[in-house]
Each structure stands twice: as structure tokens, then as C-alpha cells.
Amino acid sequence: MKTIFVFLTTGFEEIEALGTIDILRRAELNVKSVSLTDSKQVTSSRQVTVVADIMFDEIDLSNAEMLVLPGGTPAYNDHDGLKKAVLAFAQKGEKVAAICASPMVLGGLDLLDGKNATCYPGFEKYLKGATLQTEKAVVVDGNITTGRGPGLTIDFALKLVELIAGKEKRDAVAAGLLV
């Protein structure tokens, strides 16, 4: 079974990261949280410390199905290894998803050029080359999925389930969540 990697760095948005991981796991998908710090313990924007499943240098992208960047901090844009991995993965046509502030990483890598995208208000200027769809909760354009922000995490994560496992699985997970 292929793996969905959800990246965590200091200051990550806990709703976006943990809510997405939760929903993907409810869909019985193989999800691994990945620390971008020097420890498996990563502290969120609201000082919630979580233990990631693996460290960044342990990931094997040859078995990856999707890369997911939660928001909460522009620090994702500071991790060169992550940016190289995202760029290489996306350029192969593989699925990449980012929510809130993190679409800025995709914009900086020119992955949004000519694509529709959304982000957290105030980060639009970083979505270089994108056609902004900021009134939408989630935007899928080819292999790139972007989400607007924390209150829309359920919409974002359910769309990821649909993209990977189909609408029937998405609807089943949504029903179980009473959405």
C-alpha cells in the first residue's frame, strides 16, 4: 500500500495536520506524519506537541501516493529538502496537497503556474502564477490540491480521500463524521 506523507514543522496548524491525518486514516489509507525538525516531537502553533511517525530523512518517495503540507506557518518554505522533494514529486505528476499558508511553497516552486488555487487570506501574493479561487474551500487542478484554512480542514481532507480512494469512500467517511 502506498503512503501519504503529512509533514510537520514547528508552528504547524494542528487542526489542519491532525484533522487531515485522522480523516485519511478513517478512510483506511496509509498515512505517515513526518517531522521536518531535528526530533520526532514537533510543537504546533498552539503549543501542542505531537510525536511524528518518522523523520524526514527516513521517507521513501518511491512508495508515496501523496505529499500533504498543513499550514499554520511559513516555515515549510524554509526546509530545502522538503521543497526539493515536493518539486520532484509534483513534476512527475504525483499528487501534492497544501492548505492555509502552505500553498506559498507550491507558488515559490512555480508549481501553481497556470493553475487554479486557494489559500489563507493574506497569502495570495505568494501563489505565483496561480489563478486565485479564494472563495472556494478546496481547489483541485491536475495533481495539485489547495485548501483555504483551518475551518475548512474537513472539506480538504475529504477531498483528499476522494482523490485517492474514490467518492464512495469519501461519502462513507463523511457519513461517519456526520458531515
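In this structure, does Met66 turn out to be modelled with pLDDT of 95 or more and under 22 Å from Val173 (Cβ atoms)? Taking the combined requirement at face value, the residue satisfies it. So is Ala101 touching a helix residue (DSSP H, G or I) at 6+ places or on another chain (Cβ under 8 Å) and crowded, with 24+ Cβ neighbours inside 10 Å or not? Here the answer is yes, as Ala101 does meet what is asked. For region 118-130, state whether one or more residues are touching a Phe, Trp or Tyr at 6+ places or on another chain (Cβ under 7 Å) and either within 21 Å of Ala157 (Cβ to Cβ) or not in a loop (DSSP other than H, G, I, E, B) (or both). For region 118-130, residues touching a Phe, Trp or Tyr at 6+ places or on another chain (Cβ under 7 Å) and either within 21 Å of Ala157 (Cβ to Cβ) or not in a loop (DSSP other than H, G, I, E, B) (or both): absent. Remark: Val51 matches the filter, which requires a residue to be over 16 Å from the mean Cα position of the chain (by Cα), of a type in the set (A, V, I, L, M, F, W, C), loosely packed, with under 12 Cβ neighbours inside 10 Å and at pLDDT 95 or above.
Just the residues that are surrounded by 20 or more Cβ atoms within 10 Å (Cβ to Cβ) and touching a Ser or Thr at 6+ places or on another chain (Cβ under 9 Å), please, taken from region 160-174. If the condition is that a residue be surrounded by 20 or more Cβ atoms within 10 Å (Cβ to Cβ) and touching a Ser or Thr at 6+ places or on another chain (Cβ under 9 Å), then Leu160 is the only one that fits. Could you tell me whether region 143-158 includes any residue that is more than 16 Å from the chain's Cα centre (by Cα) and at pLDDT 95 or above? Looking through region 143-158, none of the residues is more than 16 Å from the chain's Cα centre (by Cα) and at pLDDT 95 or above. As a summary of the residue check, Asp38 satisfies the conditions (1) crowded, with 16+ Cβ neighbours inside 10 Å; (2) out of contact with any His (no Cβ under 9 Å at 6 or more places or on another chain) except for the one numbered (1). If you filter region 143-179 down to residues that are in contact (Cβ under 8 Å) with a residue 40 or more places away in the chain, of a type outside the set (Lys, Arg) and assigned to a loop (DSSP other than H, G, I, E, B), you find that the one that is farthest from Ser44 (Cα to Cα) is Asn143. The condition of being among the small types (Gly, Ala, Ser), out of contact with any Pro (no Cβ under 8 Å at 6 or more places or on another chain) and under 18 Å from Ala157 (Cβ atoms) holds for only one of Ala64, Ala90, Ala17, that being Ala64.
The values are calculated or read from the model by the stated rules, or taken from the named source; none is laboratory data. Remember, predicted model here, so these are calculated numbers, not experimental data. Cβ atoms come from the backbone with ideal geometry, glycine included; neighbour counts cover every protein chain shown.
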